[in-house]
1. Can you pick out the pairs among Lys28/Lys415; Lys21/Lys286; Lys67/Lys299; Lys48/Lys223; Lys21/Lys86 whose Cα atoms lie more than 30 Å from each other?
2. If you build the convex hull over the alpha carbons only and average its shadow over all orientations, what do you get for the chain? Give it in nm² to one decimal.
3. For region 1-135, rounded, prolate or oblate, judged on the Cα gyration tensor with a ≥ b ≥ c (square roots of eigenvalues), a/c < 1.5 rounded, else prolate if a/b > b/c?
4. Output the peptides 51-63, 115-127 sorted from most to least packed, where packing is the average of other Cβ atoms within 10 Å over each peptide's residues.
5. Taking H as built 1.01 Å from N, whose amide H comes closer than 5 Å to the amide H of Thr176, not counting residues under 5 places away?
6. Is it possible to state the helix-based mean residue ellipticity at 222 nm for the chain, with each DSSP H run of 4+ residues giving -39500 (n - 2.57), the sum divided by total residues, to the nearest 500 deg cm²/dmol? What is it?
7. Work out, step by step, the length gained on full extension between Glu15 and Asp172: first 0.36 nm times the residue separation, then minus their alpha carbon distance; give nm to one decimal.
8. Using DSSP to call loops (not H, G, I, E or B), can you name the chymotrypsin sites (Phe, Trp or Tyr not before Pro) in region 314-413 whose Cβ has at most 11 other Cβ atoms within 10 angstrom?
Amino acid sequence: MNKQEKHPKDTLEEELLHTRKNVWDTLKDLEEVNRFNKEYISFLNGSKTEREVIKQVIQLVESKGFKNIFSSEGVQDRLYYPLHGKSIAVFRRGEKPLTEALNILVAHVDSPRLDLKQYPVYEDQDLVLFKTHYYGGIRKYHWVSIPLAFHGIFAMKDGSIKEVIIGENESDPVFTIADLLPHLSAQVQNTKKATEFIPGEKLNILVGSLPVSHDVKQDQRFKLNILKVFKETYGISEEDFLSADIELVPAGNAREVGLDRSMVGAYGHDDRVCAYTALRAILDVKNPKTSALVFLMDKEEIGSEGASGSNTWFPEMVVGELLALEGNDSYRAIRRTLSGARCLSADVNAAVHPDWKEVHDLKNAAFLNGGLVLTKFTGARGKAGSSEANAEFVAQLRKIFDEHNITWQMGELGKVDEGGGGTIAKFMAYYGMQVIDAGVPVLGMHSTFEVVSKGDVYETYRAFQAMLTSE
Ligand code: MN
Ligand code: MN
């Protein structure tokens, strides 16, 4: 074969070898990258819990003309379906019938955090504290000695909801978990493993230290003072904590990271970075030929169980309602639509940490600034628990991304025997649809200050848009 004539490429290396790209070599419009990330940062700052994400998403989609599916009749182009205030499906109708083709992005909006217990308030050594039970995979030592904010809702017996956020405004007080001083930690902390030196039952939040009166004989006078503040400010009594969803999260805003401002540091990139890029993709895509659905889901960090999680009938409920508006909601049509759909499980993956390279197979890991990461399978020890994607589906995506000049990479979470994890992918694969994990590489994932690259965020948004425009 005459290589010179048949192949326009200059060298054998170019022809045969695959080299990964760096987003900063391929992104042309830095102003646009910065503008997009600024909007992402403002979204993050307004959404520190899954409820706050969904509330903000509803405001955003309504401003773009989307209607609640339950107040709509007939065939509509832009709809949303809220679920228990903690999850949502956002829909754009394409030209083709739903039963023929449907593109889906699914991301999660819950993040690891400290939840208040049901009887949280107590007094000890004349101090008032909150008991917590952590949610999701946290490293407990991250949560001590940092300012924490109080976010959540109290559901009252009369059906009303009281939303309370304390600790995000400059004038607000914050909360914290005091750590032990190094002078006294030799026995009780320093000899223990990282998973044990801060026990879950010691993740107690400092809430106050003023007595309600100077009568030293008064029982629980410090706790009473805090309850009095709750009553006067929010109309809340101790019993109301029994029907509340209260989360303690790192206080403060997302920030640009690095002297060159190339990165964003924040609590909750996992997985709001994919939720935001997926949402923006479905809002911004122009006249899609194939219909598009974006699911933003709760409960992923604790296994997707629960009424607002992905391990429910939610996809069937949504597709059933959409087909009903077209007058064809037979179970067969629902099954066809879901099994024929293509899905990106939009979730983050670990970026190689330069100081901890030993946990990664560097040949198969994801890198910060490597662009969108596709993860063919998750799971642990022999791919257990994973819904590995088909090669044919990966090939379709390669074509789509190459046509749109997307910088992307393949990444495995860590070395084969190192550990592992799961995502929503397998709950979508349950319907027989093609699905693969795709998202932003993150440094310090599941920490209180996760770091992403602005370039990767923008490239993920472009990749999601490319997927939603594909036929
Ligand atoms: Mn995630
Ligand atoms: Mn996670």
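The values are calculated or read from the model by the stated rules, or taken from the named source; none is laboratory data. Keep in mind the model is a prediction, meaning the values are calculated, not measured. A quick note on method: Cβ atoms are made from the backbone with ideal geometry, for glycine too, and the neighbour counts reach across all protein chains shown. Quick note on the areas: whole protein, heavy atoms, side chains included, nothing else; ligands and nucleic acids left out. Shrake-Rupley method; radii C 1.70, N 1.55, O 1.52, S 1.80 Å.
1. Values: Lys28/Lys415 34 Å; Lys21/Lys286 28 Å; Lys67/Lys299 25 Å; Lys48/Lys223 27 Å; Lys21/Lys86 37 Å.
Where the Cα-Cα span goes over 30 Å, the pairs concerned are Lys28/Lys415; Lys21/Lys86.
2. Details: hull surface 111.7 nm².
Computing the convex hull of the Cα atoms and averaging its projections yields 27.9 nm².
3. On the way: a/c = 2.81, a/b = 1.56, b/c = 1.81.
Since a/c reaches 1.5 but b/c is at least a/b, the shape of region 1-135 is classed as oblate.
4. Numbers: 51-63: 18.5, 115-127: 14.8.
So the peptides 51-63, 115-127, ranked by packing, come out 51-63, 115-127.
5. For Thr176, the qualifying residues are Leu148, Leu206.
6. Working: 12 runs with 129 residues, N = 471.
Calculated from helices alone, the mean residue ellipticity at 222 nm is -8000 deg cm²/dmol.
7. Values: separation 157, 0.36 × 157 = 56.52 nm, distance 5.98 nm.
Stretched out fully, the Glu15 to Asp172 stretch lengthens by 50.5 nm.
8. Working: sites: Tyr331, Trp356, Phe367, Phe377, Phe393, Phe401, Trp408; in loops: Trp356, Phe367, Phe377.
In loop regions of region 314-413 (DSSP not H, G, I, E or B), the sparsely surrounded chymotrypsin sites (Phe, Trp or Tyr not before Pro) are Trp356.
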